[in-house]
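Comments concern the structure below.
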Amino acid sequence: MRSKQEIIQALIEPGVIAVVRAQSQEQVLPLSRALVAGGIIAVEVTMTTPQAIEAIAETKHALGDSALVGVGTILDAATCERTVAAGAEFVVSPITRAEIVHAAHAADRPVMLGAYTPTEAQTAFELGADFIKLFPADGLGPAYVKALRAPLPHLKIVPTGGVDLKTAGEFIKAGCVAVGAGSSLLSAQILRDGNWPELTRLASDFVAAVRTARKELQIVGGK
């Protein structure tokens with residue numbers, strides 16, 4: 001079993017978290033395999049997915065350490081505990097709630113709390129969140145992240161909501177440690193058609209976008 005620190009490192013590298021709102025439990029395992037084939041190992045199965053807990057257990061059992069299977073849309077400690085018991089390796093919430101942090105950390109699992117404003121982001125950090133989920137990020141953009149991190153450079157920010165291939169790299173260059181990709185990666189059409197080869201291709205493109213942005217940062221930093 002991976003430690004909390006090992007999971008944190010696996011979320012940061014390669015730095016793309018797939019936010020899965022599947023149409024059925026049966027989709028989760030094949031789409032997860034497609035994501036892993038494209039280089040995305042972090043799979044966040046949201047609680048809005050039918051039979052999400054069963055899907056997490058099945059996927060984790062089938063894929064083992066080749067994938068990092070987590071849970072999203074956690075709103076309370078009880079649900080957090082149930083999903084971790086089923087195999088979830090990381091916990092994501094769209095809100096800032098202390099009991100979620102306590103439940104996740106009690107199981108040695110990292111947690112990402114949702115925030116939108118500087119006060120919410122700092123509060124989530126002070127509650128012990130390992131990452132700050134900036135949500136929804138599409139109305140804020142990379143410039144907001146850069147401005148936010150100027151006075152709060154300690155925040156490990158992961159934007160979610162509206163992140164696509166065009167903005168993923170820009171968010172990384174603005175200081176985000178990873179990005180969360182939902183409908184821009186797992187589109188309704190891909191889910192409807194079960195087009196897993198296309199999902200693998202898109203996953204590879206997202207990973208490449210993040211990798212390229214990080215290389216550009218290194219070049220600038222080297223100068």
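What follows draws every value from the coordinates through simple rules; no lab data is involved. Remember, it's a predicted structure, so these values are computed and weren't measured experimentally. Please note: Cβ atoms are built from the backbone with ideal geometry, for glycine as well, and neighbour counts cover all protein chains shown.
Could you compute the net charge surrounding residue 169? Neighbours are other residues with a C-beta less than 15 Å from the C-beta of residue 169; K and R count +1, D and E count -1.
Around residue 169, the surrounding residues sum to +2.
My understanding is that a pair violates if its Cα-Cα distance is over 25 Å; which of 146/215; 4/133; 156/215; 4/215; 60/133; 60/173 do that in this structure?
4/215; 60/173
So what is the orientation-averaged projected area of the chain, using the convex hull of its C-alpha atoms, in nm²?
So the Cα hull casts an average projection of 11.1 nm².
For n ≥ 4 DSSP H runs only, could you compute -39500 (n - 2.57) per run for the chain, divide by its residues and tell me the 222 nm figure to the nearest 500?
-15000 deg cm²/dmol
Hey, rough spin-label estimate for residue 13 and residue 198, points 7 angstrom out along Cα→Cβ, what's it come to in nanometres?
3.4
So in the chain, what percent of DSSP beta bridges are antiparallel if you round to the nearest 5?
Antiparallel bridges: around 0 percent, rounded to the nearest 5.
Between residue 62 and residue 102, what FRET efficiency follows from the Cβ-Cβ distance if R0 is 45 Å, with the result rounded to 0.05?
E between residue 62 and residue 102, to the nearest 0.05, is 0.90.
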